[in-house]
Amino acid sequence: MACETELHKMHMCALKGQGNEELIKSLTTNATVTCESCGAVANDPQYVCNPKQMPGVSAKGECAGKCPGC
C-alpha cells in the first residue's frame, strides 16, 4: 500500500529515510500504534502510513491525560 498523503513526509518511514533520528525518537517514546505496511511504531496514528492500534495500549487521549504519553 503506497502512502500518497501530503503528510507522508512526517511518517516514520519517510523520517527514517531522512536520517532524522532525534525527531523519530521524540515521536516514538510512548508508542500506541504500529504501521501495518512497514511495522514502524509511533506515539500517534498521524506518524505512520497505515496505523493499527497496538494490542493492550490505549489510544492517545483515552486516558483523559493521565498517562505520560498524553
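The values are calculated or read from the model by the stated rules, or taken from the named source; none is laboratory data. None of the values given here were measured: they were computed from a predicted structure. Reconstructed Cβ throughout: ideal geometry from the backbone, glycine too, with neighbour counts over all protein chains shown.
Of all residue pairs spaced 6 or more apart or on separate chains, those with beta-carbon atoms under 8 Å, a first member in region 4-31 that is assigned to a loop (DSSP other than H, G, I, E, B) and a second member that is β-branched (V, I, T) are H11/V48; T28/V41; A31/V41; A31/V57.
A quick yes/no check of all residues on (1) surrounded by 12 or more Cβ atoms within 10 Å (Cβ to Cβ); (2) among the charged types (D, E, K, R); (3) at pLDDT below 95:
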| residue | (1), (2), (3) |
| --- | --- |
| G17 | no, no, yes |
| E21 | no, yes, yes |
| C38 | yes, no, yes |
| V41 | yes, no, no |
| G56 | no, no, yes |
| G61 | yes, no, yes |
| G65 | no, no, yes |
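A count restricted to region 17-38 and to residues that are within 24 Å of P55 (Cα to Cα) and either out of contact with any Asp or Glu (no Cβ under 8 Å at 6 or more places or on another chain) or of a type in the set (D, E) (or both) stands at 12.
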